[in-house]
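Written below as structure tokens is the structure these notes are about.
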Amino acid sequence: MDEFASLIRDIPDFPEPGVVFKDITPILGHADTFARLVSAMADPFRDKGVTQVAGIEARGFTLAAPIALELNAGFIPIRKPGKLPFKTVGEEYTLEYGTDRLEIHVDAAGPSDRVLLVDDVIATGGTAAAALRLVQQTGAEVVGFSVFIELAFLNGKGTLPEVPYHALLVYD
Ligand code: AMP
């Protein structure tokens, strides 16, 4: 775990004052560590019959797509409004100020799919919970949520009580 932690760059006051941004780009730039991270995030879900891995825009894509290949599964992009070209379904979620929305293609998954959700960081959990509801709207079963970094002091994990949850690094 130290190998991963030592390559996370803390950026104070980004993108706004008071937030310490966990920058994972140094890991993405180290091929061996990147490969070990992908493998470690896939490990708890190898025998779960995952058919699709859904990544949350945009840093989630960098982890979800290689995890999908690692699990012999497809990749589904979950995106901000207006970015996906085909017909979409969406889910609103609450931010500190106002709301935001995530979208998925209507045909991205269906009742025969077993979907693993992936993101880089879970903070308040609003994004992950919206992504969970979104995938459930397609009729697919969500088999778990695999996240690289959990900011435990923001209690995001509590927003996902009904799915198997795995965080690689937990910051208290
Ligand atoms: P939340 O909905 O509050 O759990 O926020 C999670 C989303 O915001 C994820 O997609 C993360 O990529 C991003 N995020 C939130 N906080 C941070 C942080 N401190 N460092 C990096 N990304 C963050």
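The values are calculated or read from the model by the stated rules, or taken from the named source; none is laboratory data. The shown structure was predicted, so the numbers you read here are calculated from the model rather than taken from an experiment. For neighbour counting, all protein chains shown are included, and Cβ atoms are generated from backbone atoms with ideal geometry for every residue, glycine included. Quick note on the areas: whole protein, heavy atoms, side chains included, nothing else; ligands and nucleic acids left out. Shrake-Rupley method; radii C 1.70, N 1.55, O 1.52, S 1.80 Å.
If you filter region 8-34 down to residues that are assigned to a helix (DSSP H, G or I) and in contact with a Leu (Cβ under 8 Å, 6 or more places away or on another chain), you find that the one that is farthest from Glu96 (Cα to Cα) is Thr33.
Among the residues of region 114-136, those identified as more than 10 Å from the ligand (Cβ to nearest atom), in contact (Cβ under 8 Å) with a residue 24 or more places away in the chain and surrounded by fewer than 22 Cβ atoms within 10 Å (Cβ to Cβ) are Arg114, Leu132, Arg133.
A quick yes/no check of all residues on (1) among the hydrophobic types (A, V, I, L, M, F, W, C); (2) surrounded by fewer than 19 Cβ atoms within 10 Å (Cβ to Cβ):
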site	(1), (2)
Ala58	yes, yes
Ala65	yes, yes
Ala73	yes, no
Gly82	no, yes
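Here Tyr97 clears all of (1) within 15 Å of the ligand (Cβ to nearest atom); (2) open to solvent by 40 Å² or more (accessible area, probe 1.4 Å); (3) within 24 Å of Leu169 (Cα to Cα); (4) not in a strand (DSSP E or B) except the condition numbered (3). A count restricted to region 1-34 and to residues that are touching a strand residue (DSSP E or B) at 6+ places or on another chain (Cβ under 7 Å) and of a type in the set (A, V, I, L, M) stands at 6. Only residues that are under 27 Å from Ala68 (Cβ atoms), without any contact (Cβ under 8 Å) to a residue 24 or more places away in the chain and over 17 Å from the mean Cα position of the chain (by Cα) were counted across region 6-34, and they come to 7. For region 150-164, indicate whether the set of residues that are open to solvent by 20 Å² or more (accessible area, probe 1.4 Å), closer than 18 Å to Leu63 by Cβ and more than 14 Å from the ligand (Cβ to nearest atom) is non-empty. Taking every residue of region 150-164 in turn, at least one turns out to be open to solvent by 20 Å² or more (accessible area, probe 1.4 Å), closer than 18 Å to Leu63 by Cβ and more than 14 Å from the ligand (Cβ to nearest atom). When you check Leu37 against the structure, is it open to solvent by less than 70 Å² (accessible area, probe 1.4 Å), farther than 23 Å from Asp113 by Cα, in a loop (DSSP other than H, G, I, E, B) and in contact (Cβ under 8 Å) with a residue 24 or more places away in the chain, yes or no? When the stated conditions are applied, Leu37 does not pass them.
In summary, Gly139 fulfils each of the numbered conditions (1) open to solvent by less than 10 Å² (accessible area, probe 1.4 Å); (2) more than 15 Å from the ligand (Cβ to nearest atom) with the single exception of condition (1).
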